[in-house]
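Heads up: the structure comes next, in structure tokens.
The values are calculated or read from the model by the stated rules, or taken from the named source; none is laboratory data. From a predicted model like this one, the values you see are computed outputs, not experimental measurements. Glycine also receives a Cβ, built like all others from the backbone with ideal geometry; neighbour counts cover every protein chain displayed.
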Amino acid sequence: MPDQPNQPQQMHNINHTDLQNFVKQILIANKTSPEHAEIVSKCLVSADLRGVDTHGSNRIPSYMERIRQNALDPSAVPTIRQVTPAVAQVDAHNGFGFVAAHEGMKLAISMAQIFGIGMVSVKHSNHFGMSAWLVQQALKADMMSLVFTNSSPALPVWGGKEKLMGVSPIACGAPAGEGRPFILDMAPSIAARGKIYKALRRGEKIPTDWALDKDGARTDDPAEALQGVMLPMGGPKGSALSVMMDVFSGVLSGSAFAGHVTNPYDPSKPADVGHFLVAIKPDLFMTIEEFKGRMDYLYQRVVDSEKMAGVDRIYFPGEIEMITEEKRLAQGIPFATAEIEGLNKEADLVKVERLKV
């Protein structure tokens, strides 16, 4: 963390291939198999490329601390229980959420290819980063998808003041033809909690409508916000969405729920996160070509719709992130000096070559 949290820092651009290899080597040095390290590092860098810096490689220090404190098992191998031909459950055995969710979506896709739909519940898992990478996994197989997870307490329920529900993202997607695919990935809070951690690392202030401090007052100080609560989007609507994530991901899976998921930055005990994944064949009621053509038409109708005053361009859900990815693939991924120092401390601990700037 920077010594002066309100002093913006110098930024450095890092090549995505170099970054993924760096992250992979740190994971391997921390007793993660090369196969699993490939999955985790790819998912983290995917978030960095899409501009979701809150769920990217900067999570490595917190993940590695959880490993060092035996709160996360880097060598765990998920196991699968087939419940019906189209329903299965994955037990992550307290391993990386990325690995268990990857296996879960892979299984959901394979079932959907046969039965039209595949549903997978994941239990005893951990944080799996940006939900959109699972949507992308389904898109590569020409599948629609739903991706739910629960998370540690950060939001009060509507009318309450204590942290109880997580800022658990809801994500879904659908493939397209010539246009952009549909990718929705959003938290039920005004902002993801990771954005507050990012602001703290980078010495930045936050908008005053994101969170309340421990006394219930609005704040632009990320440190104070982390002592308080996040604010739900749309009042009771965002609050209800966070409860829904807990029902489908926590209650249904048998994992922790109702405020008992452990914060990913708390290395004292396993997180016990639950996920809920669904893959759907889009050609159940028409050909895949017709479906994609209809998606392309929807895309054009959205982006070409009449703009309100002051708006230069209308974007399809997920399009801004795709544009950011194209830019960062060419120009590199921006990191603050303190973020690079945090990553290099992890490299030094396991004698991995440091990330160069």
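Scanning the stretch 74-105 for residues that are surrounded by fewer than 19 Cβ atoms within 10 Å (Cβ to Cβ) and of a type outside the set (S, T, N, Q) turns up Val77, Ile80, Arg81, Val83, Pro85, Ala86, Val87, His93.
Condition check ((1) closer than 20 Å to Pro264 by Cβ; (2) of a type in the set (A, V, I, L, M, F, W, C); (3) in contact with a helix residue (DSSP H, G or I) (Cβ under 7 Å, 6 or more places away or on another chain)) across all residues:
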| residue | (1), (2), (3) |
| --- | --- |
| Arg50 | yes, no, yes |
| Thr79 | no, no, no |
| Val87 | no, yes, no |
| His93 | yes, no, no |
| Val99 | yes, yes, yes |
| Ile114 | no, yes, no |
| Gln137 | no, no, yes |
| Phe148 | yes, yes, yes |
| Ala154 | yes, yes, yes |
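In the stretch 345-357, which residues are surrounded by fewer than 18 Cβ atoms within 10 Å (Cβ to Cβ) and at negative phi? Residues satisfying the conditions are Lys345, Asp348, Leu349, Val350, Glu353, Arg354, Lys356, Val357. Residue check: is Pro34 over 20 Å from Ile340 (Cβ atoms), touching a strand residue (DSSP E or B) at 6+ places or on another chain (Cβ under 9 Å), free of Cβ contacts under 8 Å to residues at least 60 places away in the same chain and not β-branched (Val, Ile, Thr)? No, not satisfied. Within the stretch 313-329, the only residue that satisfies the criterion of being buried (at least 17 other Cβ atoms within 10 Å of the Cβ) and more than 18 Å from Val135 (Cβ to Cβ) is Arg328. Per the listing Gly129, Gly118, the residue uniquely of a type in the set (Gly, Ala, Ser), surrounded by 22 or more Cβ atoms within 10 Å (Cβ to Cβ), modelled with pLDDT of 95 or more and at positive phi is Gly129. Counting only residues that are assigned to a loop (DSSP other than H, G, I, E, B), within 16 Å of Leu139 (Cα to Cα) and of a type in the set (Lys, Arg), the stretch 267-293 holds 1 of them. Checked against the criterion of being within 30 Å of Gly254 (Cα to Cα), aliphatic (A, V, I, L, M) and touching a helix residue (DSSP H, G or I) at 6+ places or on another chain (Cβ under 6 Å), the candidates Met165, Met144, Met233 yield just one match: Met165. For the stretch 152-258, the strands (runs of 3 or more DSSP E) that sit wholly inside it and include 1 or more residues that are surrounded by fewer than 19 Cβ atoms within 10 Å (Cβ to Cβ) are 182-186. Which of the numbered conditions does Tyr315 fail, given that it passes all the others? Conditions: (1) closer than 29 Å to Met165 by Cβ; (2) assigned to a helix (DSSP H, G or I). Condition not satisfied by Tyr315: (2). Checked against (1) touching a residue at least 24 places away in the same chain (Cβ under 8 Å); (2) within 20 Å of the chain's Cα centre (by Cα), Val87 passes all but a single condition, namely (2).
Looking across the stretch 342-353, just one residue is free of Cβ contacts under 8 Å to residues at least 60 places away in the same chain and within 13 Å of Ala29 (Cβ to Cβ), and that is Asp348.
If the condition is being closer than 20 Å to Gly116 by Cα and without any contact (Cβ under 8 Å) to a residue 40 or more places away in the chain, then the stretch 292-308 contributes only Arg294. In this structure, Asp142 does not qualify as over 17 Å from Arg59 (Cα atoms), modelled with pLDDT under 95 and either outside any strand (DSSP E or B) or within 13 Å of the chain's Cα centre (by Cα) (or both). Count of the stretch 231-252 residues, restricted to those that are closer than 26 Å to His124 by Cβ and within 19 Å of the chain's Cα centre (by Cα), is 10.
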